[in-house]
Amino acid sequence: MTPPRTLFEKVWDDHIVIDSDPTLLYVDLHLVHEVTSPQAFAGLNQSGRTVRRPDLTVATVDHGIPTTGRSLGIRDPLSKRQIDALLQNCKDHDITMFGLDDPRQGIVHVVGPEQGLTQPGLLVVCGDSHTSTHGAFGALAFGIGTTEVEHVLATQTIWQAKPQSMAVEVEGDLPWGVAAKDLILGIIAKIGVSGGTRHVIEYRGRAIHDLTMEQRMTICNMSIEGGARAGMIAPDETTIRYIEGRPFAPKGARWDEAVSAWESLVTDPDAVFDKVAVVDAGSLVPHVSWGVNPAQTVPVTGTVPSPDSYDDPLQRDAAVRALEYMALRPGTPILDIPIDHVFLGSCTNGRIEDLRAAAKVIEGRKVDSRVSAVVVPGSMQVKAQAESEGLDGIFEEAGFSWRDAGCSSCLAMNPDVIPAGERCASTSNRNYEGRQGRGARTHLVSPAMAAAAAIAGHFVDVRDWESS
Amino acid sequence: MKPVTTVTGTMVPLDRADVDTDQIIPQQFLKRIERDGYGEFLFYNWAHTDDGIPSSDFIINDPARRGARVLVTGPNFGCGSSREHAPWAIQQWGFEAVITTSAADIFRNNSSYVGLLVVELDQDAVTRLIELAADPTAQVTIDLENQTVTSDGLEEHFDFNPTAKERLVTGLDGIGVTMSHEDVIAAHEHARPSWLPTTVDASS
């Protein structure tokens, strides 16, 4: 009898080509974008190698593309050269490409799930750390570097040291008005930014089971911010209903076979995790980051902490530097922090439910005159869906700018750069120094919290608004 | 990749925790399609003023540190983005090794593929090295074969993944090695269930 295994171990075992340490694993789906692939294709071409499985590879453009005026072309010559390189590489190697003029274009981690390519039990890689997003479907999905991208292109396999398993047990129910983003920020605050290093996290518990696929993607997306190699959630009815009928989902008899295979993708009752963290969902409130890493967060009802509240001298020193960069003083109530920009989008919170949650908050209200607010849908499909529901009208009426899809201000590789010294309430995943532009000050929040901050011009506890 | 067996040289101390890859090489320098030319942008935002002038108070701009070979830094180094531009920039500045309390997973992997030696020591040893590195002429030696770090009065053993070690020591092309296993890859490939997705465009 096989010993009890975790979900992660089952998916790992299914992909073993050579059982050694490190292990050679077979890759089911390789997602490609313009920033981390050109050197990989160049290496492949120089050595006269080909792409082993173009039919398991798909590309889109997301990091460096503008979100306005696309018909004018890409003005940044370096970005244009990078995007042209991807177009040419996909053409030369016969890889399906969702280009700038394709209605399926979008952030790579939004596009994979929405096209039905991301499925339970797959091994998914991409030259991007937020590949962890796809774990929401019970796939094993992780980010890789450019040398590894070249290796996967050439061999469809990857060498990996086997990570350990970690359970994040989410007990209780998520309270009303508290978003999936608040849950993952709460988890990171608990385990720390390296709490998941060398581990694959499985998120478990009723609060996780009750989440929609969009919410699960928000959770798994930020596994990397907790240092984890990947994050996973066992597939269930919610997962199956989401995938059914999508363009690349299995059809007919193959669908039945797939669903039956997915049913075994759960952690066995007696399986043991190497590490366990327990989080009480019921005690969570909306979170706001005050510092320059995603564990430096506090409840919206709280105040900016003092560096003296940290015992570890390195963390105390980090807090001092974070406060200086963020131009914040200890003791300042979060509700008193004024906002210059609001960015609604990214692979963390750029999906249709995120836009709906924000639209609900702003409907009938106006963006504060001091705030510049932008909505960047995660994909052109999300954009089209939102427009069919009239959300674009709600956003534009309130004073938001309604954009085309891409990574945009999440990492500011395109023209959507937040100016130095200005403060942005952002639904993205990283509040690192300079992330949204040199000197820009990022506060990570949920879509509803970002929307409310846009209206008020400072942070508000969105639960007060939603109850009114 | 150039083989790596021993690194000897002076150090640069960077006594910080959680240094992310956005700090190592900011996003505005990721638009190039080449593998080289990143060294001058290492820690760019910390190393330059708002006007783009090198900041005299940031350590890698100290002329006495030019020629240093080993970066010594705190826990969770290289967290965040998967950009391989991070180890490229560290290498192209002139470093051959990083000694840290702990490295982030993707950064550690990427470094092993590009020949940047990343060594993890306990916090006490890192603190001691950071103290020693206050002297810009203090030398450190990392011996990968024997897995030791030695400096003035300090000798530490470190753990290292044996395969990553072999890759660094031999400098072999990883793809060539994997391709020699073609038969097992093909066997696995043929046994995959038929319902698994392909990316062949359904609409064209």
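The values are calculated or read from the model by the stated rules, or taken from the named source; none is laboratory data. Just so we're clear, the structure is a prediction, and the values are computed from it rather than from any experiment. Cβ placement follows ideal geometry from the backbone for every residue including glycine, while neighbour counts extend to all protein chains displayed.
Some notes on this structure:
- Of all residues making up the stretch A:272-300, the number that are assigned to a loop (DSSP other than H, G, I, E, B) and within 27 Å of the chain's Cα centre (by Cα): 13
- A:Thr303 meets each of the listed conditions (1) within 26 Å of the chain's Cα centre (by Cα); (2) of a type in the set (Val, Ile, Thr); (3) over 22 Å from A:Arg5 (Cα atoms) apart from (1).
- Filtered by the rule that a residue be closer than 23 Å to B:Gly80 by Cα and surrounded by 24 or more Cβ atoms within 10 Å (Cβ to Cβ), the stretch A:160-178 gives A:Met166, A:Val168.
Residues checked against (1) within 16 Å of the chain's Cα centre (by Cα); (2) more than 11 Å from chain A (Cβ to nearest Cβ):
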position	(1), (2)
B:Thr6	yes, yes
B:Pro13	yes, yes
B:Pro26	yes, no
B:Glu34	no, no
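- Which numbered condition A:Thr348 fails, given (1) over 30 Å from B:Thr21 (Cβ atoms); (2) surrounded by 19 or more Cβ atoms within 10 Å (Cβ to Cβ); (3) not basic (Lys, Arg): (1)
- The listed residue being in contact with a helix residue (DSSP H, G or I) (Cβ under 9 Å, 6 or more places away or on another chain) and not basic (Lys, Arg), out of A:Leu56, A:Leu100, A:Leu87: A:Leu100
- Test: residue in the stretch A:199-209 that is more than 13 Å from chain B (Cβ to nearest Cβ), of a type in the set (Val, Ile, Thr) and in a loop (DSSP other than H, G, I, E, B): no
- Subset of the stretch B:56-103 (residues that are touching a residue at least 60 places away in the same chain (Cβ under 8 Å), assigned to a helix (DSSP H, G or I) and more than 14 Å from every other protein chain (Cβ to nearest Cβ)): B:Ala64, B:Arg65
- Each residue in the stretch A:46-83 was checked for being within 26 Å of the chain's Cα centre (by Cα), surrounded by fewer than 22 Cβ atoms within 10 Å (Cβ to Cβ), more than 9 Å from chain B (Cβ to nearest Cβ) and at negative phi, and 5 pass.
- When we screen A:Gly135, A:Gly121, A:Gly127 for residues that are at the interface with chain B (Cβ under 10 Å from one of its Cβ atoms), surrounded by 24 or more Cβ atoms within 10 Å (Cβ to Cβ) and of a type in the set (Gly, Ala, Ser), the only hit is A:Gly127.
Condition check ((1) surrounded by fewer than 24 Cβ atoms within 10 Å (Cβ to Cβ); (2) within 21 Å of A:Ile219 (Cα to Cα)) across all residues:
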position	(1), (2)
A:Thr332	yes, no
A:Arg370	yes, no
A:Glu387	yes, no
A:Gly390	yes, no
A:Ser409	no, yes
A:Asp416	no, no
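- Any hit, the stretch B:83-93, residues being buried (at least 23 other Cβ atoms within 10 Å of the Cβ) and in contact with a strand residue (DSSP E or B) (Cβ under 6 Å, 6 or more places away or on another chain): no
- If you go through the stretch A:179-213 and pick out every residue that is crowded, with 24+ Cβ neighbours inside 10 Å and among the basic types (Lys, Arg), you end up with 1.
- Residue count for the stretch A:150-195, restricted to those that are within 7 Å of another protein chain (Cβ to nearest Cβ) and either farther than 30 Å from B:Met179 by Cβ or within 20 Å of the chain's Cα centre (by Cα) (or both): 2.
- Segments classed as helices (runs of 4 or more DSSP H), wholly inside the stretch B:126-204, with at least 2 members that are within 7 Å of chain A (Cβ to nearest Cβ), in contact with a helix residue (DSSP H, G or I) (Cβ under 9 Å, 6 or more places away or on another chain) and within 18 Å of A:Leu153 (Cα to Cα): B:174-179
- So A:Thr147, is it in a helix (DSSP H, G or I), more than 9 Å from chain B (Cβ to nearest Cβ) and polar (S, T, N, Q): no
- Of all residues in the stretch A:1-24 being more than 24 Å from the chain's Cα centre (by Cα) and among the hydrophobic types (A, V, I, L, M, F, W, C), the one that is modelled with the lowest pLDDT: A:Met1
- Screening the stretch A:218-234 for residues that are farther than 13 Å from A:Ile188 by Cβ and crowded, with 24+ Cβ neighbours inside 10 Å and picking the one that is farthest from the other protein chains (Cβ to nearest Cβ) gives A:Ile233.
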